[in-house]
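The values are calculated or read from the model by the stated rules, or taken from the named source; none is laboratory data. Everything numeric here is computed off the predicted structure, so don't read it as measured data. We place every Cβ from the backbone using ideal geometry, glycine too, and count neighbours over all the protein chains shown.
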Amino acid sequence: MRAVVLVGGFGTRLRPLTLTTPKPMLPVGHRPMVENLVRTLAASGVTEVVLGLGFKPEPFIQAFPSGECAGVRLHYAVEPEPLDTAGAIKFAAEHAGIDDTFVVVNGDVLTDLDVSTLIAFHRSSGAEATIHLTPVEDPSAYGVVVLADGGRVERFVEKPAPGAVASNSINAGTYVLEPSVLGRIASGRKVSIERETFPGVVVDGRLFALSTDDYWIDTGRPEPYRRANLDMIDGVRRTLRADAIEDGARVDGSARVTHSLVSRGAVVGSAAVIEDSVILGSAVIEAGAVVKDSIVMGHLGRSSVISHTVVGAQGRVKDGAVLSHALVPDPNAVK
Ligand code: GDD
Ligand code: MG
């Protein structure tokens, strides 16, 4: 089975982290999230993955130079310009010559779903396209799905106004598609699978969906990104797990690190305090700094104190500075 993984978005909501690193290359449990995703797909029988690339393709190609990840063959389909989700799927599928049933995954979604379950359901219902669903409290930031009997989709509405659609089942970003879906997508222009293609398949009664209670998170904003990392050390994932402090992280013996991840390459100085945070490999945390509920890729000065703050690779927090709910550097001020 082949899969297209969409990794070409701008990752705007994860700035400043994504000013230097494309979202799917940001680590979750010390590994690029796309690698985690490919691992999970490989475990459910996917043998080839086409990465639908656009924005910043080089880091992906550099990270997997042999064209292999978790035993899976990778293809790189680099769009000449952003084609949006359906346009990217068509471009990637044509690039790899896909002409059989295939899987599509949003590259910022981490889930323990066994995709073979979705494929089996897809085949048994005779669907043209099948969507994985997950329940959420506030569905307004997602594609909302109303189901009829037998798992047929009655309505698909992308990002409706709060309360506008009476369902808390949302598109969880994994699909099984027949190649005929590609024929519904116009070539050479932006097409959204959520806004254009799926509603068309609904009209023909051929869109189905299956809800599961598997672990699921969309890492596209700082808080779920931090959560996704902590879940890897909390043993919440069925399929994946990570050490809190990766081998090769330089943590001073007098620093106190609690319920946090520190990746290889990071430096944590004496008497620093780190709680409920994600410290990525490029981070330098000087002596006496205090870090709570934060994500750090950059530099924290001596005795600085940050909470609920995101420090990108170019971010520098001054000695003694106190920051709460801050983005460093401020993405709106950076070109
Ligand atoms: N190659 C390529 N080209 N990829 C793209 C493009 C593009 O032009 N635009 C977006 N993507 C990729 C993103 O990188 C991401 O992996 C995926 O497509 C989805 O885009 P997001 O920007 O993350 O969308 P979203 O989170 O607002 O909503 C989507 O995901 C939700 C579940 O997490 C939708 O599919 C919703 O319906 C869904 O509920
Ligand atoms: Mg997303």
| request: Within region 163-176, track down each residue that is surrounded by 16 or more Cβ atoms within 10 Å (Cβ to Cβ), more than 24 Å from L37 (Cβ to Cβ) and not polar (S, T, N, Q). | output: V165
| Which of (1) closer than 30 Å to V176 by Cβ; (2) in the same structural domain as N171 (by TED's automatic domain parsing) is the odd one out, the single condition R226 does not satisfy? | (1)
| Long-range neighbours under 8 Å by Cβ, at least six apart or interchain, first residue touching a residue at least 12 places away in the same chain (Cβ under 8 Å) and farther than 22 Å from E81 by Cα within region 188-203, second of a type in the set (K, R) and not in a loop (DSSP other than H, G, I, E, B) | G200/R184; V201/R184; V202/R155
| note | If we keep only residues of region 87-125 that are free of Cβ contacts under 8 Å to residues at least 40 places away in the same chain and small (G, A, S), then the residue nearest to ligand 1 (Cβ to nearest atom) is G97
| Y225 fails exactly one of the following numbered conditions: (1) of a type in the set (F, W, Y); (2) in contact with a strand residue (DSSP E or B) (Cβ under 6 Å, 6 or more places away or on another chain); (3) within 21 Å of P24 (Cα to Cα). What is the number of that condition? | (2)
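Okay, residues lined up against (1) at pLDDT below 95; (2) in contact with a helix residue (DSSP H, G or I) (Cβ under 6 Å, 6 or more places away or on another chain); (3) surrounded by 16 or more Cβ atoms within 10 Å (Cβ to Cβ):
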{"residue": "T85", "(1), (2), (3)": "no, yes, yes"}
{"residue": "A93", "(1), (2), (3)": "no, yes, yes"}
{"residue": "D100", "(1), (2), (3)": "no, no, no"}
{"residue": "D108", "(1), (2), (3)": "yes, yes, yes"}
{"residue": "D112", "(1), (2), (3)": "yes, no, yes"}
{"residue": "A120", "(1), (2), (3)": "no, no, no"}
{"residue": "I131", "(1), (2), (3)": "no, no, yes"}
{"residue": "R152", "(1), (2), (3)": "no, no, no"}
{"residue": "A161", "(1), (2), (3)": "yes, no, no"}
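Name the one entry in G126, G163 that is out of contact with any strand residue (DSSP E or B) (no Cβ under 9 Å at 6 or more places or on another chain) and more than 16 Å from ligand 2 (Cβ to nearest atom).
Exactly one of G126, G163 is out of contact with any strand residue (DSSP E or B) (no Cβ under 9 Å at 6 or more places or on another chain) and more than 16 Å from ligand 2 (Cβ to nearest atom), namely G163.
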| task | Name the strands (runs of 3 or more DSSP E) wholly inside region 196-275 in which the number of residues that are modelled with pLDDT of 95 or more is 3 or more. | result | 207-211, 256-258, 273-275
| query | Listed residues R195, R189; which is out of contact with any strand residue (DSSP E or B) (no Cβ under 9 Å at 6 or more places or on another chain), of a type in the set (K, R), within 13 Å of ligand 1 (Cβ to nearest atom) and more than 23 Å from L37 (Cβ to Cβ)? | reply | R189
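How about region 174-201: which of its residues are of a type outside the set (A, V, I, L, M, F, W, C) and touching an Asp or Glu at 6+ places or on another chain (Cβ under 7 Å)?
E178, P179, S180, K190, S192, E194, R195, listed by residue number.
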| Among the residues of region 309-329, how many are closer than 20 Å to L26 by Cα and either crowded, with 17+ Cβ neighbours inside 10 Å or in contact (Cβ under 8 Å) with a residue 60 or more places away in the chain (or both)? | 11
| message | Condition first: in the same structural domain as E79 (by TED's automatic domain parsing), away from ligand 1 (no atom under 11 Å from the Cβ), out of contact with any strand residue (DSSP E or B) (no Cβ under 7 Å at 6 or more places or on another chain) and not in a loop (DSSP other than H, G, I, E, B). Can you find one or more residues in region 149-156 that meet it? | response | yes
| Given (1) surrounded by 16 or more Cβ atoms within 10 Å (Cβ to Cβ); (2) within 24 Å of G9 (Cβ to Cβ); (3) among the small types (G, A, S), number of the condition S187 does not satisfy | (1)
| field | Contacts under 8 angstrom Cβ, first residue in region 67-86 being farther than 16 Å from V104 by Cα and assigned by TED's automatic domain parsing to the domain that holds V38, partner within 16 Å of ligand 2 (Cβ to nearest atom) and assigned to a helix (DSSP H, G or I), 6 or more apart | value | C69/V34; E79/A88; P82/A88
| said: Condition check: touching a residue at least 40 places away in the same chain (Cβ under 8 Å), away from ligand 2 (no atom under 16 Å from the Cβ) and charged (D, E, K, R). Does R39 satisfy that? | reply: yes
